[in-house]
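Here it is, the structure in full.
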Amino acid sequence: MDSLDQTLDQELRQLEAMHLRRHLRNLDGPQGPIIPFDGREVVNFSSNDYLGLAGEPFLIAAFQKAAADFGAGAGASRLLSGNQPPHRLLEEAIACFKRTEAALAFSCGYSTALGTIPALVGRDDVVILDKLSHACLVDGARLSGATLRVFPHNDLDKLNSHLSWARNKFPRGRILILTESVFSMDGDLAPLAGIVALKNRFDAWLLVDEAHGIGVIGPEGRGLVDTLGLGSEVEVQMGTLGKAIGSAGGYISGSRSLIDLIINRGRSFIFSTAPPPAQAAASCCAVQWLQSKEGRERVAALTQNRKLLPELCPDVVPETPPSAIVPILIGEEDATLALAKRLLDAGLFLPAVRYPTVPKNKARLRLTLTAKHRREHLEALATANLSRCQPRGGPL
Ligand SMILES: *Cc1c(COP(=O)(O)O)cnc(C)c1O
């Protein structure tokens, strides 16, 4: 034990010296725009609960009812005895919401990618992914054993040349392109129409991770793929139920054949206990609610806050951001941490994001907006004057 602890402590000290050591902090209540955080109340600009559903009474009630009806846990894998009505209802609701033939629910978004990508491609195939793809897409791609190629963020020319190379080298192989629709750290959008055109040209498949698109993009929050009318062109749509949906879990939506194949080949689906039925029921309730009048109004409230931000903080956010994620690039890790601390002292929680989540010296504050932020919360940001702390380069 001594030797393990000594070795690991040394590694931790190295992280500390590089300003890269992380610590857990405590949220002492439900997620919301104002949170009790490490012993005080702060305005919360760190949450992915974009629609404020995590603390929503009707969702909590759906969760409680399903727990009472079906138990606290599913007790077995979906392929054994763990397949309960809430799981099936959730998948029907997602397929309907995403306007696809079928859908499959997982315990979380991370395990969705880890199970799905290796089910679709293997050693004789190629995966081509955007440089800024989320860790779960990278890990799923690595796990598949396929040859990997990375294209610079949103660079269609480079994607084109990778596709051309892959088609030549693997004439009969499968080629799978991976991208996010809304990028989790930069908040910008993938050029999906261009990617779809290239994919069709080279006979490749496309997986789009809508983790930050669902609940945010489009009047009912159906995501970027649906909003651009590309639903029938994207073979594999993926997302999480833990962000705007306010619950937990991940999903794949697409054709019946796609879903049946993952049920048979997706190892994180097969060899894992089914998600708690209450989690599935709450997710199902949220997905259906999004399509109601109230749901549409909630998505519109988030859009409204996105528009309000550049009005109140034009120096750091010159234009309406394309999503709910607003990066404020600082650069060095220590300067970013110092700024985050100053803001926290002023009662504003904007998390510092640094390596390895983003490249070295691209440290930033990552501001996320929700439908529940009120005007005065955004005004507090303006008063805190983030612009004074901007490096010469200005915002990202
Ligand atoms: C959060 C996130 C995931 C993982 O989803 P979880 O349900 O939290 O495991 C996947 N992809 C992206 C882009 C994410 O931001």
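Ignoring everything except DSSP H segments at least 4 long, calculate the 222 nm mean residue ellipticity for the chain; use -39,500 (n - 2.57) per segment, divide by total residues, nearest 500.
Working: 14 runs with 165 residues, N = 396.
Value at 222 nm, helices only: -13000 deg cm²/dmol.
Measure out, as a whole number of angstrom, how far apart the alpha-carbon centroids of segment 126-142 and segment 248-269 sit.
Value for the Cα centre distance between the two parts: 18 Å.
How many Å³ per residue does the convex hull of the Cα positions in segment 200-251 occupy? Numbers along the way, then the final one.
Numbers: hull volume 3.5 nm³, N = 52.
With only Cα atoms used, segment 200-251 gives 67 Å³ per residue.
Can I ask one more? How large is ³J(HN,Hα) for each residue in segment 29-35, as worked out from phi by the Karplus curve 6.51 cos²θ - 1.76 cosθ + 1.60 (θ = phi - 60°), to whole Hz, x for Gly and Pro?
Values per residue, Gly and Pro as x: x, x, 4, x, x, 10, 10 Hz.
Restricting to bridges with both residues inside the chain, how much of the DSSP beta-bridge set is antiparallel, in percent to the nearest 5?
On the way: 24 of 43 bridges.
Bridges in the chain that DSSP calls antiparallel: roughly 55 percent.
Post the alpha-carbon centroid distance, segment 176-216 to segment 58-93, in whole angstrom.
Segment 176-216 and segment 58-93 have Cα centres separated by 30 Å.
Pull up the cross-link candidates among the lysines for Lys243, meaning alpha carbon to alpha carbon under 18 Å and not fewer than 8 places away within one chain.
Lys98, Lys372
Hey, another quick one. Excluding residues fewer than 8 places away in the same chain, name every one of the lysines whose C-alpha is closer than 22 Å to that of Lys341.
List returned: Lys360, Lys362.
Same structure, new question: Just to confirm, what accessible area per residue do you get for the chain at 1.4 Å probe, in whole Å²?
On the way: 17820 Å² over 396 residues.
On a per-residue basis, the chain sits at 45 Å².
Please list, ordered by chain and number, the residues whose modelled amide H lies under 5 Å from the amide H of Leu206; skip anything fewer than 5 residues away on the same chain.
Those lying under 5 Å, H to H, from Leu206 are Ile177, Glu235, Val236.
If you don't mind, there's one more thing I want to ask. Using all C-alpha to C-alpha distances in the chain, build P(r) with 10 Å bins and read off the rounded percent in each one.
Over the chain, the share of Cα pairs per 10 Å bin runs 5, 22, 30, 27, 15, 2, 0 percent.
If you wrap segment 100-142's Cα atoms in a convex hull and average its projection over all directions, what's the area in nm²?
Values: hull surface 14.9 nm².
If I average the Cα hull's projected area over directions, I get 3.7 nm².
The values are calculated or read from the model by the stated rules, or taken from the named source; none is laboratory data. None of these values were measured; they are calculated from a predicted model. For the accessible areas, the whole protein counts, side chains as well, though only heavy atoms, and no ligand, DNA or RNA atoms are used. Shrake-Rupley method; radii C 1.70, N 1.55, O 1.52, S 1.80 Å.
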